[in-house]
Each structure stands twice: as C-alpha cells, then as structure tokens.
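Read the structure below first, then the notes.
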Amino acid sequence: MAYLGAAYLWVKAAHVIFVIFLMAGLFMMPRFFVYHQETAPGSPEDRKWIERETRLLRIILNPSLVLVWLFGLMLMVEIGAWHFGWFHLKLLFVLGLSAYHGWIAGYAKKLARGERPLTDRQLRMLNEVPGIAAAVIVIAVIVKPF
Ligand code: HEM
C-alpha cells in the first residue's frame, strides 16, 4: 500500500538512525553489567551503576525500540514486505532482538535488587547475541536472498 510517497526514504532514514541508537545501547548494557557486578550491593558504586543503567534504558534503549518498530512497520505496510521470505527471516531475528532487550531490562532490575545471577563469562557470551542478530537482519533486508 503506497501511502508514504516522497516520505518513504525519510522514514527509512529515521528507521536506520534509531536502529543505530538501539544497537549501541544493546551492546553497551552487558558491558555495564560486568562492571556493575563487581560492586557490593548497596555501595555508592552500586548505586551509580543502577543510575547509569536506568538512564540508558529510559533515554536510549526503550524509546529507540519503540521508534524502530514504528518506522519499521510503516515501511512494511508501504512495500507490502509481509509477502517476502526475507522479511519473515528479518522479523524472526527482530523478535529475538526484542526479547534480548526484555532480558536486559529484567537483568538490570535483578542487579538493582542486589542479585548477581550470571557470571562475567556468561554475560560476555550473551553479548554476542545482538551482533549475530544484527548481521542476519541486515543481510536479510539488503541482500534479500529469498
Ligand atoms: C522492529 C521491527 C522492524 C521492522 C517491521 C522492519 C521493517 C523494515 C522494512 C519493511 C524495511 C524496508 C526494506 C526495503 O525498503 O527494501 C526496513 C529497512 C531496514 N531495516 Fe528494518 N525493520 C525492523 C527492525 C530492524 C532492525 C532491528 C534492524 C537492524 C538491526 C533493521 C535494519 C534495517 C536496515 C539497515 C534497513 C535499510 C535497508 C535498505 O537500505 O534498503 N530493521 N526495515
């Protein structure tokens, strides 16, 4: 349904701009967690990390996720992307990335409660998830292999 006209490329540019902000936040947060975990619950350093994580979520991550979805769905409707295989692959990985976002928000809450459920090594391994997902998503949307 072509309804955006000349605005299409502007919407696409906005989509990619917020994709960059979102990905930056998703890469930063598990790094924050590794440093945060080294602090003793209730210490002044602990409180500083809680503040940093809350701000990153509130100012960068959550608004970017909403805007990436909003502009992405507008593009989807415009080009009828739903009918293409590449879009289904993209959506699958985007849903995975959104779930990862949810996990990040949950883990930040646990750290704020003084819990330290994962080891540094596990956090560093989880940090590979957004990179791999982003690579698959970009290949799906640009190469459109099917
Ligand atoms: C949240 C749900 C999302 C939806 C519904 C969505 C949908 C779309 C659609 C329909 C297009 C236009 C494709 C075209 O013009 O051929 C597009 C472009 C793009 N998307 Fe998304 N997207 C989403 C999230 C993401 C994420 C998370 C990433 C990266 C990690 C991403 C990266 C891109 C890129 C790089 C383009 C530009 C491709 C080009 O130059 O043509 N998108 N998106």
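The values are calculated or read from the model by the stated rules, or taken from the named source; none is laboratory data. All values derive from a computational prediction rather than experimental measurement. Positions of Cβ are generated from backbone atoms using ideal geometry, with glycine treated the same way; all protein chains shown enter the neighbour counts. Note: areas computed on protein heavy atoms with side chains; ligands, DNA, RNA excluded. Shrake-Rupley method; radii C 1.70, N 1.55, O 1.52, S 1.80 Å.
Hydrophobic, long helices, defined as DSSP H runs whose alpha-carbon span along the helix axis is 15 Å or greater and whose mean Kyte-Doolittle value is at least -1.0, occur in the chain at 8-37, 62-79, 85-112, 128-142.
Normalised by residue count, the chain yields a Cα convex hull volume of 95 Å³ per residue.
Explain nothing, just the number: dipole magnitude of the stretch 1-123 about its Cα centre with +1 on each Lys and Arg Cβ and -1 on each Asp and Glu Cβ, in debye rounded to the nearest 20.
Using only the charged Cβ atoms, the result is roughly 120 debye.
Under the simplified labelling scheme, the Ile139-Ser43 pair shows an inter-label distance of 4.2 nm, with each label point 7 Å from Cα along Cα→Cβ.
Keeping every protein chain present and rolling a 1.4 Å probe, give me the accessible area per residue for the chain in Å².
Computed with neighbouring chains in place, this is 58 Å² per residue.
Note on the stretch 5-142: with neighbouring protein chains present and a 1.4 Å probe, carbon and sulfur make up 73 percent of its accessible heavy-atom surface. With R₀ fixed at 22 Å, the C-beta to C-beta distance from Phe84 to Ala13 puts the FRET efficiency at about 0.55. Calculated mean residue ellipticity, 222 nm, the chain: -25500 deg cm²/dmol, from DSSP H runs (n ≥ 4) at -39500 (n - 2.57) each, averaged per residue and rounded to 500. Taking all protein chains together and a 1.4 Å probe, the residues Leu26, Leu89, Leu9 rank Leu9, Leu89, Leu26 from largest to smallest accessible area.
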